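The values are calculated or read from the model by the stated rules, or taken from the named source; none is laboratory data. Just so we're clear, the structure is a prediction, and the values are computed from it rather than from any experiment. Here Cβ is always computed from backbone atoms with ideal geometry, including for glycine, and neighbour counts include all displayed protein chains. Note: areas computed on protein heavy atoms with side chains; ligands, DNA, RNA excluded. Shrake-Rupley method; radii C 1.70, N 1.55, O 1.52, S 1.80 Å.
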Amino acid sequence: RAKISTSATPAASAASSTVSAARMAPKRSLLSLYAGVQGPLMSVGVVQAINFAVYDSCRRLLHKRRHPNAPPDAYLHDFSLADVAISSSVAGGTISVITSPLQAIKTNQQINPQSFRTAMTQLYFQSGGSKGRGSIRGFFTGFPPHLFCDSFGRMIYLSCYELMKQKRYLDKSRSGNLVEDSSATASRLTLQERMACAGASGMICWAIIYPADVIRSRMYANAIAERRPGPWQMAKSIYQEERSFRPFYRGLGVTVIRAAPVAAAVLPVYDFAHAWLSSH
């Protein structure tokens with residue numbers, strides 16, 4: 001995805017991918033497809049733990065302010081789209097400070113195959129100016145679109161998920177196919193239903209925020225080349241390539257295909273783990 005979205009034209013994208021694959025094939029073979037996996041693999045547990053902890057805490061706090069005498073888990077049953085939207089946006093904004101450096105390093109590794117340490121060092125010293133001093137600015141290149149993707153994107157992601165679950169829950173209630181159990185939220189919908197809601201939510205989210213992700217990826221790529229245009233300048237540059245909005249959606253297909261199974265795995269696991277911990 002990074003190679004496609006950071007290429008100037010579709011032809012250049014295909015050529016770049018072909019040349020890169022040919023160069024790496026003798027040494028790495030299929031392992032080249034996992035370039036940049038170290039950072040996300042080492043940090044995903046901590047990042048998701050912080051994300052869902054902030055999200056859940058915000059939902060509980062917002063609900064408690066409106067209903068101070070309600071039971072501790074009442075916020076899970078008293079659906080409020082505004083609470084979900086605000087809480088998920090705050091959670092996304094919180095983790096964006098952690099995920100921005102990781103995203104910058106990962107993009108560097110995917111564009112120029114190299115080790116995690118080399119990519120991190122390169123970003124650090126290239127952002128220090130001509131005097132050779134290091135700076136953390138390189139790790140936060142593209143932070144405005146990154147913050148948008150993490151905060152607004154997670155708001156769309158979790159709001160759509162909760163809305164779809166609520167719609168399915170109401171449909172089952174009207175049809176009489178719901179086994180009510182107020183002590184276990186996870187029993188209200190099946191795993192398959194939750195996975196379908198989550199997969200659709202992930203696809204909708206990426207379809208909306210993908211142009212910002214392209215701008216972010218281009219800004220990361222320009223930081224590697226020691227050019228640092230702002231988000232607006234980068235957006236205008238991308239538009240000028242074909243004088244259309246098509247470059248903003250280059251690579252969307254791959255991203256949407258990936259988003260569905262990832263979301264279908266993450267959100268239902270969060271739901272069931274939360275329900276199990278609450279009941280114990």
key: Segments classed as helices (runs of 4 or more DSSP H), wholly inside the stretch 189-280, with at least 1 members that are closer than 30 Å to Ile136 by Cβ and within 16 Å of the chain's Cα centre (by Cα)   = 191-224, 252-279
task = Test each condition in (1) open to solvent by less than 30 Å² (accessible area, probe 1.4 Å); (2) at pLDDT 90 or above for Tyr270 and report the one that comes out false.
result = (1)
request  = State all residues of the stretch 29-57 that are modelled with pLDDT of 85 or more and hydrophobic (A, V, I, L, M, F, W, C); if no residue qualifies, say none.
outcome  = Val44, Val46, Val47, Ala49, Ile50, Phe52, Ala53, Val54
query = So Met234 fits all but one of (1) under 20 Å from Gly253 (Cβ atoms); (2) surrounded by 18 or more Cβ atoms within 10 Å (Cβ to Cβ); what number is the exception?
reply = (1)
request  = Go through Ser80, Ser87 for me and flag whichever is of a type in the set (Ser, Thr, Tyr), modelled with pLDDT of 95 or more and within 26 Å of Lys167 (Cβ to Cβ).
outcome  = Ser87
message = Residue under question is Arg258, and the condition is that it be open to solvent by 30 Å² or more (accessible area, probe 1.4 Å) and charged (D, E, K, R); does it hold?
response = yes
inquiry  = Any residue in the stretch 99-124 that is within 10 Å of Ala35 (Cβ to Cβ) sitting within a Cβ distance under 7 Å of a residue that is charged (D, E, K, R) and open to solvent by 40 Å² or more (accessible area, probe 1.4 Å)? List the pairs, counting only those 6 or more apart or interchain.
reply    = Gln110/Lys3; Ile111/Lys3
query = Can you spot a residue in the stretch 62-81 that is basic (Lys, Arg), surrounded by fewer than 21 Cβ atoms within 10 Å (Cβ to Cβ) and outside any helix (DSSP H, G or I)?
reply = no
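Within the group Ser183, Ser173, which residue is open to solvent by 60 Å² or more (accessible area, probe 1.4 Å), of a type in the set (Ser, Thr, Tyr), modelled with pLDDT under 85 and at negative phi?
Among Ser183, Ser173, only Ser183 is open to solvent by 60 Å² or more (accessible area, probe 1.4 Å), of a type in the set (Ser, Thr, Tyr), modelled with pLDDT under 85 and at negative phi.
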